[in-house]
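Only the coordinates and a few stated rules stand behind these numbers; no lab work does. Since this is a predicted model, take the numbers as computed values, not measurements. Neighbour counts run over all protein chains shown; Cβ positions are idealised from the backbone, glycine included.
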């Protein structure tokens, strides 16, 4: 999965996206001008191949929402955790409505899925996670994330939980350096891992591991670790969904070597699809280095992530449930529990 440069595809990008080792595109703010423009861009990407390339975006809300003008501004999910401490049932309903609204607006422009929700715990030490986390309690995170995922699925979108086994316990930002979490497995199992375990039980379709090293468990960062991805995630937790690498352009991935070495290491560890988001030369080096065909099991896992249903944007915005959801999400505190079919 790679990034593209602008608001429409260049001839070079069209050729690149037809390469058999390319399986998807991740969009960013640089690719967005309006709902109509991004819908045309997504349609052009989908038209290139059969089966279609997956199109994804980071659209969590709060600090991490790539499309803004023309889309509902989504609060950071921390707000849902704060409400959960006071009114658990209302917070879960708000989470479900928020997940539905996020997914419905993205499906209206053709995007297959968002890399959401964040399942990290807010331990109060990670600036890069912070209010992107629902809560510090793993049971609360799982409760709210389950409701959020249910709303996404109602809108025709599967969820991608991140960042396994938990990025919230380290201060360092893996975009800029390799964080090291010294906790033993038992401490992680009693806290951070619980939310992932619950969500796997609830049917989570995909996960993204962290570019974080947990030396008490394995010498390799989680995204390059067969111990984490195969022994623990696949065998111990019986996770059957897609494993995406985090962006291989990030500094935290540098321990694995250059772009091609990073991709091969992530694939060997157990990732079904690797991401190269912002460095075109690195993406080309990765594509040229991956010679083997995709595992048929990985292909079956990835098929599940194609979005279901595709209501036109104008049609969505005329639906009463969309209008109610927008009012609810724009002011969580102004509404009591509502009887909404979401």
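Quick notes on this structure:
- Rg/Rh for region 110-155 (Cα atoms only, Rh after Kirkwood) is 1.03.
- Centre-to-centre, using Cα atoms only, region 8-36 and region 268-294 are separated by 16 Å.
- Structure-derived Rg/Rh (Cα atoms, Kirkwood Rh) - corresponding label in (i) 1.01; (ii) 0.95; (iii) 1.05: (ii)
- Expressed per residue, the C-alpha convex hull volume of region 3-127 stands at 122 Å³.
- Equivalent-ellipsoid semi-axes for region 161-301 (Cα gyration tensor, √(5λ), whole Å, largest first): 23, 19, 12.
- Across the chain, Cα pairs under 8 Å and at least six residues apart give a relative contact order of 17 percent.
- Each of 128, 55, 326 has some number of other Cβ atoms within 10 Å of its Cβ, and from fewest to most they run 326, 128, 55.
- Based on Cα atoms of region 87-127, Rg over Rh with Rh as the Kirkwood radius reads 1.09.
- Take the convex hull of the alpha carbons in region 99-205; its mean projected area over all directions comes to 6.8 nm².
- For 162, 154, order by how many other beta-carbon atoms lie within 10 Å, fewest first: 154, 162
- Contact order relative to length of region 61-132, as percent, for alpha carbon pairs under 8 angstrom and 6 or more apart: 31 percent
- With neighbour counts taken as other beta-carbon atoms within 10 Å, the residues 329, 25 rank, fewest first, as 329, 25.
- Mean projected area in nm² (Cα convex hull; one quarter of hull surface) for region 251-342: 10.4 nm²
- Take 108-121, 30-43, 240-253 and order them by the average number of nearby Cβ atoms within 10 Å per residue, most first; the result is 108-121, 240-253, 30-43.
- Here the translational diffusion coefficient of region 15-81 follows from Stokes-Einstein with Rh set to the Kirkwood radius across Cα pairs; for 4 °C and 1.567 mPa s it amounts to 97 µm²/s.
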